[in-house]
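Everything on this sheet refers to the single structure shown next.
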Amino acid sequence: MKYLLMSLLLACAACASPSGNTPAEKREYAEGVMTEALTELFERNPEAKAAVESSAGYLFLSGFSVHPGLCSFANAYGIVVDTATGGHTHSRLFRFAIGPGLAVKGYYVVVVADTPEAFDALEVGPSVWGLLAEASFKFGDFGGSAAAEGVTGDVTAYLWTHTGVALELD
């Protein structure tokens, strides 16, 4: 069992890394992915554009998740954007959750800080707690994703699977 868990963690670590050989190339790649994901989010949820633009700041994550039963493992890279200054801070996320489900998926998350205090907490680290229910089957233009997420604090979260399969609750 411990070898299975270690294998899953290594797989997550390998699958969610920005492309590029140098830190500058990786930052450029992450910025491009964020731009594409935000465009997709604004097409899916037009109200999200106003929320992002009027926010104190937001966090974008692109990740890979494996959920083989009762535990979920995820790894993501992302960018914390300060809307007041335009500053971008690149970040990493490792996530472990408990709950029933099956999933192998690539996903995007945008967490919008509604207040400056919420943005300060978001900038510091793992300060957002929540619940997720998702059913997704998405490959290219085929399929779709339906997710409901509840989070604590003065934040609004948008999460969707861009590739993969998921039926999970955690």
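Read-outs: derived from the displayed coordinates by stated rules, not from any lab. Everything numeric in this text was worked out from a predicted model, so none of it was measured. Cβ sites come from the backbone with ideal geometry, for glycine too, and all protein chains shown count toward neighbours.
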**Length added when fully stretched, residue 133-residue 54, from 0.36 nm per residue minus Cα-Cα** = 25.7 nm
**Karplus-derived 3J(HN,Hα), 6.51/-1.76/1.60, for each residue of segment 64-79, Hz, glycine and proline x** = 10, 10, 10, 10, x, x, 10, 10, 10, 10, 9, 9, 8, 10, x, 9
**Message:** Output wanted: per-residue J couplings in Hz (rounded whole) for segment 96-110, from phi through Karplus 6.51 cos²θ - 1.76 cosθ + 1.60, θ = phi - 60°, x for Gly and Pro.
**Reply:** 10, 9, 10, x, x, x, 9, 6, 9, 8, x, 9, 10, 9, 10
**Complete:** For the pair residue 124 and residue 90, the simple spin-label estimate (label points 7 Å beyond Cα toward Cβ) gives in nm 2.6 nm
**Asked** Can you list residues whose amide H is under 5 Å from residue 99's amide H, if they're 5+ apart or on another chain and H is modeled 1.01 Å from N?
**Response** 71, 72
**Asked** Normalised by the residues of segment 76-170, what does the relative contact order come to in percent, with Cα pairs under 8 Å and at least six apart?
**Response** 34 percent
**Complete:** Once both label points are put 7 Å beyond Cα along the C-beta direction, the residue 25-residue 163 separation in nm becomes 1.9 nm
**Asked** Once the Cα atoms of the chain are picked out, what are the Rg and Dmax in Å?
**Response** 15.5, 47
**Relative contact order for segment 49-121, counting Cα pairs under 8 Å that sit 6 or more residues apart, in percent** = 41 percent
**Asked** How high is the relative contact order of segment 17-91, in percent, counting Cα pairs under 8 Å that sit 6 or more residues apart?
**Response** 26 percent
**Pairs of lysine residues in the chain - Cα separation under 24 Å, sequence separation of 8 or more or cross-chain** = 4
**Prompt:** Along segment 117-124, what does the Karplus equation 6.51 cos²θ - 1.76 cosθ + 1.60 (θ = phi - 60°) give for ³J(HN,Hα), rounded to whole Hz, x for Gly and Pro?
**Reply:** 5, 5, 5, 4, 5, 5, 5, 6
**Fill in**
The simple spin-label model distance between residue 104 and residue 149, using points 7 Å out along Cα→Cβ, in nm, is 2.3 nm
**Message:** Stokes-Einstein diffusion coefficient for segment 20-105 at 20 °C in a medium of 1.002 mPa s, Rh from the Kirkwood formula over Cα pairs: what value in µm²/s?
**Reply:** 148 µm²/s
